[in-house]
Amino acid sequence: MTRRWVPPLAWGAVVLVLTSIPVPQANVPPNSDKVVHLALYLPLGYLVARSLDGLTRRTTALMSAVLLVTAFAIVDEWHQRFIPGRSSDPRDAVADTAGGLVGVLGAAWRDRRVRPRSA
């Protein structure tokens, strides 16, 4: 494993630890947790995209990053079925993927600004 994968793997571990903590039932507005999902998965998308940078064509790397984050989100939602006080919600996986996509786009934007594409 190269060092480039340490940050996304570490952040993925943080996400799994946080989503493994049982939560008590709370009186919160419906779907208000989607912002938290976006916030947790945005850095993951960014870090995965940066790890794939330079390994393949830019478009392929970015699409692969989104697919990897989406797969991680689906597995994370499935694993939450077994945590007391948590549930598996497909809308949460969509919010996770949206956060990952924003992170991937952020990495692409940063990459474009730091290293302009040559003609």
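Of all the options 66, 17, 35, the one that moves most in a Gaussian network model of the chain with Cα springs shorter than 10 angstrom is 17.
Say a site is exposed when it is one of the trypsin sites (Lys or Arg not before Pro), sits in a DSSP loop, and has at most 14 other Cβ atoms within 10 Å; what is then the longest site-free stretch of the chain?
Result for the longest clean stretch: 1-56.
Per residue, the chain reaches -23500 deg cm²/dmol at 222 nm when only DSSP H runs of four or more residues are counted, each adding -39500 (n - 2.57).
Counting charges near residue 98 (Lys, Arg +1; Asp, Glu -1) among other residues having Cβ under 11 Å from its Cβ returns a value of 0. For the stretch 29-119, the list of chymotrypsin sites (Phe, Trp or Tyr not before Pro) that fall in a loop by DSSP and count at most 11 other C-beta atoms within 10 angstrom reads 82.
Using θ = phi - 60° in the Karplus curve 6.51 cos²θ - 1.76 cosθ + 1.60, the 3J(HN,Hα) couplings for the stretch 73-83 round to 4, 5, 5, 5, 5, 4, 5, 5, 4, 9, 9 Hz; x is entered for Gly and Pro. In the stretch 11-117, Cα pairs under 8 Å separated by at least six residues give a relative contact order of 40 percent.
Taking the Cβ of each residue in 64, 51, 20 as the centre, tally the other Cβ atoms inside 10 Å and list the residues starting with the fewest.
The order, fewest Cβ neighbours first, is 20, 64, 51.
Taking the C-alpha atoms only, the angle from helix 90-114 to the longest principal axis of the chain is near 20 degrees. What net charge do the residues around residue 31 carry, taking every other residue with its C-beta under 13 Å from that of residue 31, with Lys and Arg at +1 and Asp and Glu at -1? For residues surrounding residue 31, the net value is -1.
Here, each number is a calculation from the coordinates, and none is a lab measurement. The model shown is predicted, which means the values in this text are computed figures rather than measured ones. When we count neighbours, we look across all protein chains shown, and the Cβ atoms used for this are built from the backbone with ideal geometry, even at glycine.
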